[in-house]
Amino acid sequence: MIERTYILESVDPVAFYGVNNVNMQLLKTLYPKLRIVARGNIMKIIGDEEELDAFLRKIKEIEKYCEEYNTLSEEVLTDIVKGKDVAPVRQEHQIIHGVNGKAIVARSANQQLLAKSFEENDLTFAIGPAGSGKTFVAIALAVKALKSKQVRKIILSRPAVEAGEKLGFLPGEMKDKLDPYLQPLYDALQEMIPPAKLREYMEHNVIQIAPLAFMRGRTLNDAVIILDEAQNTTRHQIKMFLTRLGLNAKMIVTGDVTQIDLPPQAASGLVHAMQVLRKVQGIGKVEFEKKDIVRHKLVQRIVEAYEKNDKQSDAQETTTQRNK
């Protein structure tokens, strides 16, 4: 009798073991000659060498499936152990499987165009209205690149700009003060990566979420870097960010130029950057539209109503100036 140790490195143990450890109980049933003990992400197996080797080969297959789909049913586990083909379940234009096996899909034509631009370019600008899925798809593409080991880390950033309200002095440490600005990025990640795995990634800086100001001086290699809400950067800030791009790295810059929260005297760095870089090779640009909005159906109507109001206000202002 010999003992072997197997470490679950790429999956959330909760997803792997199943609710109330049903998958672990099933494994013990399928391998009655082995003694299997699991704590956290470490499994200890005791038994004959031949039986152990066969078990470890299957466990690698099971872990690989669980890593890709973020779920593991008893049926799938049994099929893998018995050597049956497990048919891949994929939807059209699917990017990755999120938490509990949920398919993360590029739903609109421009979301699909963003996925294509990400493959073909090292820098992509994704511009468009709120709710069109720019940031969500960008993060999904980053998670896919991380899971397929194309990159070693994901870096997500946002400018810490107040959207009209004055938050004043916030209590707590620096992280506590800045988290409210960065929460939308956490929300997207929580839909794509199981909680235990996400915590591990964050603790080991595999996934980093930081305000834009913290990017200065860094060279970002082997990473997918995303700048969200880029319409609220100044010219100097966005230039600083774009020049962080390192070797084997890809960058996505998202923003909505109709929702600029900078002071009136400050020009948007995103608008300026797109003008300056419009003829530079290797840069993709995807312009999202109202029809791409995938939030509540009212969001599209709200965007259209504000656009109509802005046009009427501009027309009235023009008429007033002419009459003076």
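Structure notes:
- Options V37, V99, V81, V86; residue that is of a type in the set (A, V, I, L, M, F, W, C) and under 30 Å from V253 (Cα atoms): V99
- Among residues of the stretch 126-163, those that are hydrophobic (A, V, I, L, M, F, W, C), within 16 Å of the chain's Cα centre (by Cα) and part of a strand (DSSP E or B), counted: 4
- A single entry from E49, E63 fulfils the requirement of being loosely packed, with under 14 Cβ neighbours inside 10 Å and free of Cβ contacts under 8 Å to residues at least 60 places away in the same chain: E49.
- Scanning the stretch 242-287 for residues that are of a type in the set (A, V, I, L, M) and either assigned to a loop (DSSP other than H, G, I, E, B) or farther than 25 Å from I154 by Cβ (or both) turns up L247, A249, V257, I260, L262, A266, A267, V271, V276, L277, V280.
- Scan the stretch 242-285 for residues that are acidic (D, E) and open to solvent by 40 Å² or more (accessible area, probe 1.4 Å) and the total you get is 1.
- Checking each residue in the stretch 5-23 for being surrounded by 18 or more Cβ atoms within 10 Å (Cβ to Cβ), under 16 Å from V76 (Cα atoms) and out of contact with any Cys (no Cβ under 7 Å at 6 or more places or on another chain) picks out Y17, G18, N23.
- Any hit, the stretch 297-310, residues being assigned to a loop (DSSP other than H, G, I, E, B), open to solvent by 50 Å² or more (accessible area, probe 1.4 Å) and touching a helix residue (DSSP H, G or I) at 6+ places or on another chain (Cβ under 9 Å): no
- Restricted to the stretch 226-241, and to residues there that are part of a loop (DSSP other than H, G, I, E, B) and touching a Lys or Arg at 6+ places or on another chain (Cβ under 7 Å), the residue that is least open to solvent (accessible area, probe 1.4 Å) is D228.
- Counted residues, the stretch 72-108 - those being surrounded by 14 or more Cβ atoms within 10 Å (Cβ to Cβ), part of a helix (DSSP H, G or I) and without any contact (Cβ under 8 Å) to a residue 24 or more places away in the chain: 3
The values are calculated or read from the model by the stated rules, or taken from the named source; none is laboratory data. Since this is a predicted model, take the numbers as computed values, not measurements. In this analysis, Cβ positions are derived from the backbone assuming ideal geometry, glycine residues included, and neighbour counts consider all displayed protein chains. Just so you know, the surface numbers come from the protein's heavy atoms only, side chains and all, with ligands and any DNA or RNA stripped out. Shrake-Rupley method; radii C 1.70, N 1.55, O 1.52, S 1.80 Å.
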